[in-house]
Amino acid sequence: MTPASAPSRSLLHVVSRENVEPTPWRNGGGTTQELLVWPQPEGWQLRVSVARIDRDGPFSEFPGVRRWFTVLDGAGVALTWPTRTRRLLRGDEGVTFDGADAPDCQLLRGPTTDLNVMWDARLPVHGVQRVVPGMAWTASAQWRGVYVDAACSLQVGSEMDAEVLALPRGTLVWRDGARNDAWCIRSAEPLRAWWMWASPVAP
């Protein structure tokens, strides 16, 4: 658990972007807010972060890592590999790619804010899925989480014993353990949010 995380009574962990200081990139091209590295900072198997990209430039290489990337704010980006280019606008589905195959990134019209999820490529189970508000979600994985890009409520568990959390925009909620309760997001406004899951590499 990162220092910015705080456990609730149900062992749900809540991390808000408001409580995470941005870290400048060494090349000066942007900043990163690291929301989670799991299960520990050294030798992590899952990393969730929000980055602000201020200028064009190449992504960093992460050999042995699978990456997922989507645009939260801004006009979007064009990611270019040797054999293809993918334009990503706000509202588009995210793109998954090999972390060792780092693309060049061109801003379409100014800075963007982006959600990044990275997994150890050896993980037997991992993924990201767009949230459908009002629809229950479960995942057979040790780690389960959700990132929300708008204010909403999260219900965890059945109606009889559910825990309900009010979440502000820019919040990551996660749980590490064997319980596999149904999760459900409810929102009164248009919502962009993503379920995430992972099971660790066996020792």
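The values are calculated or read from the model by the stated rules, or taken from the named source; none is laboratory data. These numbers were taken from a predicted model, which means no experiment stands behind them. Cβ sites come from the backbone with ideal geometry, for glycine too, and all protein chains shown count toward neighbours. We work out accessible area using only protein heavy atoms, side chains counted, and drop any ligands, DNA or RNA first. Shrake-Rupley method; radii C 1.70, N 1.55, O 1.52, S 1.80 Å.
Before moving on, here are some points about what is shown:
- Heavy-atom accessible surface of the chain: percent carbon and sulfur, 1.4 Å: 51
- Dipole magnitude of the stretch 13-74 about its Cα centre (Cβ charges: Lys, Arg +1; Asp, Glu -1), debye to nearest 20: 160
- Computed magnitude of the charge dipole of the chain (debye, nearest 20; Cβ of K, R +1, Cβ of D, E -1): 240
- For the stretch 32-37, 3J(HN,Hα) computed residue by residue from phi via the Karplus equation (6.51, -1.76, 1.60; θ = phi - 60°) reads 10, 10, 7, 8, 7, 10 Hz, glycine and proline entered as x.
- Accessible area of the chain divided out per residue, in Å², using a probe of 1.4 angstrom: 49
- Close amide H pairs (under 5 Å, H built 1.01 Å from N) link Gly99 with Val65, Arg66, Arg67, residues at least 5 positions away or on another chain.
- Projecting the Cα atoms of Ile185, Leu35, Thr85 onto the dipole axis of the chain, where Lys and Arg carry +1 and Asp and Glu carry -1 at the beta carbon, places Thr85 farthest toward the positive end.
- 3J(HN,Hα) from dihedral phi, the stretch 54-71, Karplus parametrisation 6.51/-1.76/1.60, rounded to Hz, x for glycine, proline: 9, 7, 4, x, x, 5, 6, 7, 10, x, x, 10, 9, 10, 10, 9, 8, 8
- Directionally averaged shadow of the chain, computed from the convex hull of its alpha-carbon atoms, nm²: 11.5
- Rounded to the nearest 20 debye, the dipole magnitude of the stretch 117-176 is 240 debye, with +1 charges on Lys and Arg beta carbons, -1 on Asp and Glu beta carbons, and the Cα centre as origin.
- Length, then width, then depth: along the principal axes, the Cα atoms of the stretch 158-203 run 43, 27, 13 Å.
- Residue range of the chain that is longest and free of GluC sites (Glu not before Pro) which are both DSSP loop and sparsely packed (at most 12 other C-beta within 10 Å): 94-158
- Kirkwood radius for the stretch 33-133, taken over all pairs of different Cα atoms as the inverse mean of 1/r, rounds to 14.1 Å.
- Solvent-free Debye scattering, log10 I(q)/I(0), computed from the Cα coordinates of the stretch 71-112 at q = 0.19 Å⁻¹: -0.54
- Options Ala136, Asn116, His126, ranked by Cα towards positive dipole end of the stretch 91-136, top entry (Cβ charges): Ala136
- A simple spin-label model places the labels of Gln129 and Asp101 2.5 nm from each other, with each point 7 Å out along Cα-to-Cβ.
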